[in-house]
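Notes to accompany the following structure.
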Amino acid sequence: MAVLGPGGVGGLLAALLSRAGHRVICLAGETTADDLRRDGIRVRSAQFGEFTAHVEADTELREPVDLCLVTVKHTHLAAALERVPPAMTANGVVVPLLNGIEHPAELRRRFGAQCVAAGVVRVESTRVAPGSVEHGSPFTDIDLAGPPDRLAALADVLGSAGVKTRVSEDEPAVLWAKFAFLAPFALLTTRYELTIGEVRTERREELTALVEEAAAVARACGAPADPARTLAQYDAFPAEAKSSMQRDAEAGRPLELDAIGGALLRSAARHGVPVPLATRLVGELT
């Protein structure tokens, strides 16, 4: 198995798969690859405890694999994909676990439609140093989209490593179930530099309006959406939680604004759905 981008999410998944007995090759820059080969991946987790997993590491995938998890941020996707020659995944499955809804099409152009299974991951996990991951959420869940007979074995592998994995044939529903939650969360916490607890109290009206806009776009794209349920999810979230885009802004890193806000606006435009609040927020963050 290969993991492209062994950061907070990819590093955790690589470590869990290695601990479960699978051979894992992490793909990263030369310095990070050296660190991983020497020290492995150290995990501190609310769900899995503390452990160190030994992995292989390289700057390029040089042999065929059964599974390639793509866990880089969208801002680094194009450059990172150069580490994975399509021939090395021709008989396997490529699973992107990125924020957004447009990247599966990009990966299918590179690897072929038959090789790519869209997926989403729900987890809070952060790389605090090369090869060092802090996993704060008491859950690690993945939803895969595609034919169950093709993905059942993969779901079993992930499940045996401790990752709760579900398979659905409805790709729009899988992608939008996360995206309709993520987009308002990312845009509002980043724009106003607030935690989700502060957003849901100080900016409740905007949160409600933005959730309704995202739900309208989701429905236009063929996915079910329930704004009341999404708001309930926000209300159940730890008050101190921040979005990954907000953390990137605080650290001065490039933002996934186009992959999140831009993708929402483009989907809305294709289906003629008005999204005035999302449009304003994306403009203010640009």
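A few comments on the model shown:
- Bridging of K164 to aspartates and glutamates at a Cα separation below 16 Å is possible for E124, D141, D143, D156, once same-chain residues fewer than 8 apart are set aside.
- Accessible area per residue for the stretch 101-166, computed on protein heavy atoms with a 1.4 Å probe, is 42 Å².
- The convex hull of the Cα atoms of the chain, projected and averaged over all directions, covers 13.7 nm².
- Straight-line cross-link partners of K242 among the lysines, defined as a Cα under 19 Å from its Cα and at least 8 positions apart when in the same chain: K73, K178.
- Estimated translational D of the stretch 220-271 in µm²/s (Stokes, Kirkwood radius over Cα pairs; 37 °C; 0.692 mPa s): 246 µm²/s
- Residue (of L69, P147, Y192) at the positive-pole extreme of the chain, dipole from beta-carbon charges: P147
- Expressed as a whole percent, the proportion of Cα-Cα pairs in the stretch 141-286 lying more than 23 Å apart is 40%.
- The chain - share of DSSP beta bridges that are antiparallel (%, nearest 5): 35 percent
- The alpha carbon radius of gyration of the stretch 121-218, expressed as a multiple of 2.2 N^0.38 Å, is 1.31.
- If you bin all the Cα-Cα distances of the stretch 1-88 at 5 Å, starting from zero, the percentages per bin are 3, 16, 28, 26, 17, 7, 3, 0.
- Net length available on complete extension from E102 to E202 is 32.9 nm, with 0.36 nm assigned per residue and the Cα-Cα distance removed.
- Kirkwood hydrodynamic radius over Cα pairs of the stretch 60-121, then Stokes diffusion coefficient at 20 °C and 1.002 mPa s, in µm²/s: 186 µm²/s
- For the residues G40, G11, G136, a GNM of the chain with alpha-carbon springs under 10 Å puts the largest fluctuation on G136.
- Taking only protein heavy atoms and a 1.4 Å probe, the accessible area of the chain is 51% carbon and sulfur.
- In the chain, taking the dipole from charged Cβ atoms about the Cα centre, the farthest positive-side position among P172, T208, Y234 is held by P172.
- Our helix-only sum for the chain, with -39,500 (n - 2.57) per DSSP H run of n ≥ 4 divided by its residues, gives a mean residue ellipticity at 222 nm of -14000 deg cm²/dmol.
- Size of electric dipole in the chain: Cβ of Lys, Arg +1 and of Asp, Glu -1, about Cα centre, debye, nearest 20: 200 debye
- Taken over the C-alpha atoms, the stretch 56-170 has Rg and Dmax values of 14.1, 38 angstrom.
The values are calculated or read from the model by the stated rules, or taken from the named source; none is laboratory data. What you see is a predicted model; the values in this text were computed from it and never measured. Glycine gets a Cβ as well: all are built from the backbone with ideal geometry, and neighbour counts include every protein chain shown. When the accessible area is computed, the model is the full protein with side chains, heavy atoms only, and any ligands, DNA or RNA have been set aside. Shrake-Rupley method; radii C 1.70, N 1.55, O 1.52, S 1.80 Å.
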